[in-house]
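Chemist: My structure is below; once you've seen it, I'll send some questions.
The values are calculated or read from the model by the stated rules, or taken from the named source; none is laboratory data. Computed from a prediction, not measured in an experiment: that's the story for all the values here. Don't worry about glycine lacking a Cβ; one is built from the backbone with ideal geometry, like all the others, and counts go over all protein chains shown.
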Amino acid sequence: MEVFYEPTLESFPWGKEAIERFSAFNPLPKEKEELERKIFLQADDPIKRGKEVLYLRFYKGEFFKRCPGTKGYICCGYWVGNIVEGCPFDCTYCVLQAYLNTPFMVLNLPWSKFFEEVTEKTDTQGVLRLGTGELSDSLALEPFLGFVEEALYFFEGFEKGVLELKTKSSNVDVLLRFTGKKKSVIAWSLAPRIIQKEQELRTSPIEERIRAARLCQEAGYPVAFHFDPIILYPGWEEDYQKLIGELFQTVDPKGVIWISLGTFRLPRPLPGIIRKRFPQNWILTGELLPAEDGKLRYLKPLRVKVYKTMLSWLKEYPIRGFIYLCMEREDVWRAVFGMSPKSTQGLRELLETHTKEFLRKW
């Protein structure tokens, strides 16, 4: 990995500490725009090249924001902390390819501002569930970053909010070394092996993710799982059912705090990027049509069938966790569960009530 930093970081004690943390990578000062021009002009695949580059910068914006969601679709009301923008993993379907303008990974500093915003917004806006897995993978760059260890200590004594660390990694050493009260939720995105091997490039194998989840559970963490995106292909039913069976043969279902389900969806610009970067890939061969939000999605009857099928398999196990749909319409909720939270606010309240009760007994 190559590391560069904004020259102004040298003016701050915390900036110097951050630069020193990456001394093994021989970090060099460089303006962000100059680095962008270099990669965009010289690399055949700027996105791939950027996954080998980390840029440290003085971040002047808000660290802590609401998940943007999609109009007309029910969101879980999550809050996201953007510590890192970009990811070393290379999932073919990753929306960041179309969302981020910078090809390389960016580490936003100082983190003290993130923790200040968490404290302030939990007081003023009643935030409960938050995570760092929106614009990057929460664990992929640990322990180089050192953020996770600081976050674990902060949330250990923080009674007003719960941190979710969402990952496709099995890199949990920093979590297992932590000896304090386990208040943070460790969550894995899961998919059958064919998806991991052919679509989730550079990520940890599924069996390693499941094993890491067991280790974290044994260490005292509540765990969560996200079957999102569920990607359809010939034989998907057998593979997903087998995956759920493997998961709960290894992980105690009673220690799972929540599970989300979401089918493959992508914004309009993304198919062109996928075809250019992965020309032989099959991921776009399914029947994907424009939906009300402008994204390409599977047809509603097919999505309902997928969710009901997944739900039937999950209900074979004594899961205490809250199972919910990610970014779906109210009519889909009713078709799957026979009820609907009606709105983002409704789902947020249900999840927060469940989270408080689950952790009270934890």
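Chemist: If you check Phe40 against the conditions, is it outside any loop (DSSP other than H, G, I, E, B), at pLDDT below 95 and under 27 Å from the mean Cα position of the chain (by Cα)?
Modeler: When the stated conditions are applied, Phe40 passes them.
Chemist: If a residue has to be crowded, with 20+ Cβ neighbours inside 10 Å, of a type in the set (Gly, Ala, Ser) and in a loop (DSSP other than H, G, I, E, B) to count, how many in segment 187-228 make the cut?
Modeler: Going through segment 187-228 one residue at a time, the tally reaches 2.
Chemist: If you don't mind, another one. Check off (1) more than 29 Å from Arg360 (Cβ to Cβ); (2) in contact with a helix residue (DSSP H, G or I) (Cβ under 9 Å, 6 or more places away or on another chain); (3) modelled with pLDDT under 95 for Ile206 and give me the number that stays unchecked.
Modeler: Failing condition for Ile206: (3).
Chemist: Given the conditions (1) free of Cβ contacts under 8 Å to residues at least 40 places away in the same chain; (2) closer than 30 Å to Ile323 by Cα; (3) surrounded by fewer than 20 Cβ atoms within 10 Å (Cβ to Cβ); (4) of a type outside the set (D, E, K, R), and given that Gly72 satisfies all but one, which numbered condition is not satisfied?
Modeler: Only one criterion in (1) free of Cβ contacts under 8 Å to residues at least 40 places away in the same chain; (2) closer than 30 Å to Ile323 by Cα; (3) surrounded by fewer than 20 Cβ atoms within 10 Å (Cβ to Cβ); (4) of a type outside the set (D, E, K, R) is unmet by Gly72, namely (1).
Chemist: Another question about this same structure. Hey, can you tell me all the residues within segment 254-270 that are buried (at least 16 other Cβ atoms within 10 Å of the Cβ) and assigned to a helix (DSSP H, G or I)?
Modeler: Gly255, Leu270
Chemist: Collect the residues in segment 299-358 that are over 30 Å from Lys183 (Cα atoms), exposed (fewer than 15 other Cβ atoms within 10 Å of the Cβ) and touching a helix residue (DSSP H, G or I) at 6+ places or on another chain (Cβ under 6 Å), keeping them in residue-number order.
Modeler: Within segment 299-358, just Lys308 meets the criteria.
So that you can scan it fast, the table gives a plain yes or no per residue for (1) surrounded by 15 or more Cβ atoms within 10 Å (Cβ to Cβ); (2) at negative phi; (3) outside the structural domain of Cys216 (by TED's automatic domain parsing); (4) among the small types (Gly, Ala, Ser):
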position: Phe115; (1), (2), (3), (4): yes, yes, no, no
position: Lys121; (1), (2), (3), (4): yes, yes, no, no
position: Arg129; (1), (2), (3), (4): yes, yes, no, no
position: Thr132; (1), (2), (3), (4): yes, yes, no, no
position: Leu135; (1), (2), (3), (4): yes, yes, no, no
position: Glu142; (1), (2), (3), (4): yes, yes, no, no
position: Ala151; (1), (2), (3), (4): yes, yes, no, yes
position: Gly157; (1), (2), (3), (4): no, yes, no, yes
position: Gly161; (1), (2), (3), (4): yes, yes, no, yes
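Chemist: Now for a separate question. Can you go through Ser184, Ser169 and tell me which one is crowded, with 20+ Cβ neighbours inside 10 Å and without any contact (Cβ under 8 Å) to a residue 40 or more places away in the chain?
Modeler: Working: Ser169 fails: without any contact (Cβ under 8 Å) to a residue 40 or more places away in the chain.
Only one candidate passes the filter, namely Ser184.
Chemist: Right, something else. Go through segment 100-120 and give me each residue that's free of Cβ contacts under 8 Å to residues at least 40 places away in the same chain and under 18 Å from the mean Cα position of the chain (by Cα).
Modeler: Listed by number, the list holds a single entry, Leu100.
Chemist: Name every residue in segment 93-119 that is in a helix (DSSP H, G or I) and under 18 Å from Thr8 (Cβ atoms), in order of residue number.
Modeler: Trp111, Ser112, Lys113
Chemist: While we're looking at this one, here's another question. Taking segment 121-163 as the region of interest, how many residues are assigned to a helix (DSSP H, G or I) and either within 19 Å of the chain's Cα centre (by Cα) or among the charged types (D, E, K, R) (or both)?
Modeler: Residues of segment 121-163 that are assigned to a helix (DSSP H, G or I), as a first pass: 121-125, 147-156.
Pick out the ones that are also either within 19 Å of the chain's Cα centre (by Cα) or among the charged types (D, E, K, R) (or both) and you get 121, 123, 147-152, 155-156.
Adding up the residues that qualify gives 10.
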